[in-house]
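The values are calculated or read from the model by the stated rules, or taken from the named source; none is laboratory data. Here the structure is a predicted model, which means the values were calculated and not measured. Ideal geometry is used to build each Cβ from the backbone, glycine not excepted, and the neighbour counts take in all protein chains shown. These area figures cover heavy atoms from the full protein model, side chains too; ligands, DNA and RNA do not enter into them. Shrake-Rupley method; radii C 1.70, N 1.55, O 1.52, S 1.80 Å.
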Amino acid sequence: MGNPMRLLLLSNSKNYGHGYLEHAEGYIKDFLGRAVETVLFVPFAAVRVSYDEFAATVGRRFGELGYGLESVHRQSDAGAAVARAQAVVVGGGNTWHLLKKLYDSGLIEAIRARARGGVPYVGWSAGANVAGLSIRTTNDMPIVQPPSFEAFGLVPFQLNPHYNRRAYPQPRGRNESGTDPGVHHREPGSAGRRAPGGEHAARGGHHARASGREDARVFVSGREPSEYEPGLSLQFLMP
């Protein structure tokens, strides 16, 4: 039996009034610890900037936290880079673009296997979204078409990193954030987790919990949505 999965899933990279990943720096340092020296970064969610620019931004920030960074897009053998990675970090941007590039580069199975084998996985925004079963609960525009909606499946539920509790007038069948909850009605027993901005989820060993500034909202087919305060266990969502 392999090592337990270690996942740090962040809703976003920047909060109002804070610098890039500043709100999450304590979580990242505690999560990666001193055993990790260099992380492998996946920049494929970037669409407004180049992969080089994205990797440079994240590399500077991780350097300030005490970690080196290699970007997978610069590796001559991406699969081999994943195989030797001490930790995998997947940045945010457009979830559709990220997933398509992961399939195109043949890295879906490679990263999934390393994460399931216990290699630390950090993802924010789109990088958190692809840790779930599929990307069908993303808020992003489908600017490209991946061969499948299926994502890494590191957690056995759907994720929405940018859930908004504000009430807006919406057509019938849509929730407060404009994200169609129908996936939970189409598939009885399915579950989804909505994370407001600045909110995180961590799984270490055999435990899963919510953290951050706001409650997490959990949707389960056939039930009313439920709220979980920061620090409360989400273990019931895990197998």
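Taken as a whole, segment 65-82 holds no residue that is of a type in the set (Phe, Trp, Tyr) and closer than 24 Å to Glu109 by Cα. Here Glu25 passes the criteria (1) farther than 23 Å from Asp140 by Cβ; (2) modelled with pLDDT of 95 or more; (3) out of contact with any strand residue (DSSP E or B) (no Cβ under 6 Å at 6 or more places or on another chain) except the one numbered (2). Of all residues in segment 149-174, those satisfying the criterion of being at pLDDT 60 or above and open to solvent by 40 Å² or more (accessible area, probe 1.4 Å) are Phe149, Glu150, Pro156, His162, Asn164. Just one of the numbered conditions (1) over 20 Å from Phe31 (Cβ atoms); (2) open to solvent by 10 Å² or more (accessible area, probe 1.4 Å); (3) modelled with pLDDT of 95 or more is not true of Leu133: (3).
All told, Pro181 meets the bar of being assigned to a loop (DSSP other than H, G, I, E, B), surrounded by 13 or more Cβ atoms within 10 Å (Cβ to Cβ) and either at pLDDT below 95 or within 14 Å of the chain's Cα centre (by Cα) (or both).
Among the residues that make up segment 40-56, is at least one of them under 24 Å from Phe157 (Cβ atoms), aromatic (Phe, Trp, Tyr) and open to solvent by 30 Å² or more (accessible area, probe 1.4 Å)? So far as segment 40-56 goes, no, none of its residues is under 24 Å from Phe157 (Cβ atoms), aromatic (Phe, Trp, Tyr) and open to solvent by 30 Å² or more (accessible area, probe 1.4 Å). Based on this model, can you work out whether Ala126 counts as more than 16 Å from Ser13 (Cβ to Cβ) and at pLDDT 95 or above? For Ala126, the condition - more than 16 Å from Ser13 (Cβ to Cβ) and at pLDDT 95 or above - is not met.
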